[in-house]
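A quick write-up on the structure given underneath.
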Amino acid sequence: MIAGFISKSGGQLKVDNKEIERPGRDRAMVFQQADSSLFPWLTVRENVEFGLRMSKVPKTQRREISDRYIQLVGLSAHEGKFPKELSGGMKQRVQLARVLANDSAILLMDEPFGALDAMTRRTMQKELVNIWKETHKTVIFVTHDIQEALLLGERIGIMSVGPSSNITDIYHNTLPYPRNIASSEFNTLYDRIQGHFEE
């Protein structure tokens with residue numbers, strides 16, 4: 001609904017006091033499976049520049065923008081590669097660079113690291129925190145992993161069981177970044193949220 005892909009059944013859903021009625025450039029989606037969102041016939045750079053090209057951004061400016069975000073996500077040596085030549089983590093970085101290049105105010109991330117191995121996932125979590133600090137964008141991140149939510153989130157909304165899910169509780173996470181999963185404060189908050197599910 002936030003992305004504008006489906007209509008809401010009631011209530012209000014606004015960005016900057018404007019009701020969301022359809023997809024918009026102010027909201028960008030990063031999916032769990034990068035394979036389904038990257039164009040396999042385009043290189044890393046061409047994928048990152050795709051939205052800019054559709055918006056008729058001049059070639060020189062596209063290059064400057066794509067350079068910045070390809071470097072930001074750590075893919076500077078890979079801009080000429082095609083998706084089939086990339087690992088899962090690298091594909092997710094391309095997705096992230098592409099939505100950042102389009103300069104959307106809100107990033108909607110639907111379990112983007114769920115299919116990655118543990119080491120790549122941790123690296124991507126750190127990268128996302130660094131990108132968030134640099135760009136100051138609003139990020140709405142869906143995850144089933146409590147530890148991931150605590151590593152990344154400032155506000156953690158707990159959803160009820162579907163099909164008519166809603167947010168039942170919100171936890172405010174004021175731990176400083178980078179967060180230490182071994183700290184007593186981290187584990188106290190983890191236990192509080194875990195207890196919510198065990199109830």
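The values are calculated or read from the model by the stated rules, or taken from the named source; none is laboratory data. Please read these numbers as outputs of a predicted model, since none were measured by experiment. Note: ideal-geometry Cβ built from the backbone for every residue, glycine included; neighbour counts use all protein chains shown. To get the accessible areas, we keep the full protein, side chains included, count just its heavy atoms, and leave off ligands, DNA and RNA. Shrake-Rupley method; radii C 1.70, N 1.55, O 1.52, S 1.80 Å.
Quick one: net charge around Pro178, please, counting Lys, Arg +1 and Asp, Glu -1 for every other residue with C-beta under 12 Å from its C-beta. It would help to have the intermediate numbers written out before the result.
On the way: positive: Arg122, Lys126, Lys133, Arg179; negative: Glu127.
Neighbour charge sum, excluding Pro178 itself: +3.
Leaving out ligands, DNA and RNA, what percent of the accessible area of the range 102-199 is carbon and sulfur, probe 1.4 Å?
On the way: 3050 of 5970 Å².
The value for the range 102-199 is 51 percent carbon and sulfur by accessible area.
Return a whole-number percent for the relative contact order of the chain, with Cα pairs under 8 Å and 6 or more residues apart as the contact set.
Details: 245 pairs, mean separation 35.8, N = 199.
Across the chain, relative contact order equals 18 percent.
Could you point to the label whose value was computed as Cα extents along the principal axes in Å for the structure here, given [x] 54, 42, 27; [y] 57, 45, 24; [z] 53, 43, 24?
[x]
With runs of 4+ DSSP H residues as the only contributors, calculate the mean residue ellipticity of the chain at 222 nm using -39,500 (n - 2.57) per run, divided by the residue total and rounded to the nearest 500. Mind dumping the intermediate values first?
Numbers: 6 runs with 79 residues, N = 199.
It comes out at -12500 deg cm²/dmol, rounded to the nearest 500.
Which net charge results when you count Lys and Arg as +1 and Asp and Glu as -1 among the other residues whose beta-carbon is under 14 Å from that of Leu42?
Details: positive: Arg45, Arg53, Arg62, Lys81, Lys84, Lys91, Arg98; negative: Asp35, Glu46, Glu49, Glu79, Glu85.
Surrounding charge for Leu42 is +2.
Under a 1.4 Å probe, what is the accessible area of the chain per residue, stated in Å²?
Numbers: 11980 Å² over 199 residues.
Per residue, the chain has 60 Å² of solvent-accessible surface.
Provide the packing ranking of 171-178, 10-17, i.e. peptides ordered by the mean count of other C-beta atoms within 10 Å per residue, highest first. Mind showing how you got there, number by number?
Values: 171-178: 11.6, 10-17: 7.9.
In decreasing order of mean packing, 171-178, 10-17 become 171-178, 10-17.
Taking the chain as a Gaussian network, Cα atoms linked when under 10 Å apart, which of Ser165, Ser76, Ser66 shows the biggest mean-square fluctuation?
Among Ser165, Ser76, Ser66, the largest mean-square fluctuation in the Gaussian network model of the chain belongs to Ser165.
Considering only protein heavy atoms and a probe of 1.4 Å, how much of the accessible area of the range 1-76 is carbon and sulfur, as a whole percent?
Details: 2560 of 5050 Å².
Whole-percent figure for carbon plus sulfur exposure: 51.
Of the DSSP beta bridges with both residues in the chain, give the percent that are antiparallel, rounding to the nearest 5. If you can, show how the numbers build up before the last one.
Details: 7 of 16 bridges.
Beta bridges within the chain, antiparallel portion: roughly 45 percent.
What percent do you get for the relative contact order of the range 105-166 when only Cα pairs under 8 Å and 6+ apart count?
Values: 40 pairs, mean separation 24.2, N = 62.
Value for the range 105-166: 39 percent.
Taking only C-alpha pairs under 8 Å that are 6+ residues apart, what is the relative contact order of the range 90-199 in percent? Walk me through the numbers on the way to the answer.
Working: 87 pairs, mean separation 21.7, N = 110.
Relative contact order here is 20 percent.
When the chain is treated as a GNM, springs tying every alpha-carbon pair under 10 Å, which of Val48, Val99, Val161 comes out with the largest mean-square fluctuation?
Answer for the Gaussian network model of the chain: Val161.
About its Cα centre, how strong a charge dipole does the range 91-184 have in debye, to the nearest 20, once Lys and Arg get +1 and Asp and Glu get -1 at the Cβ? Please report the intermediate quantities before stating the final value.
Working: 10 positive and 10 negative charges, 55 e Å.
Charge dipole of the range 91-184: 260 debye, to the nearest 20.
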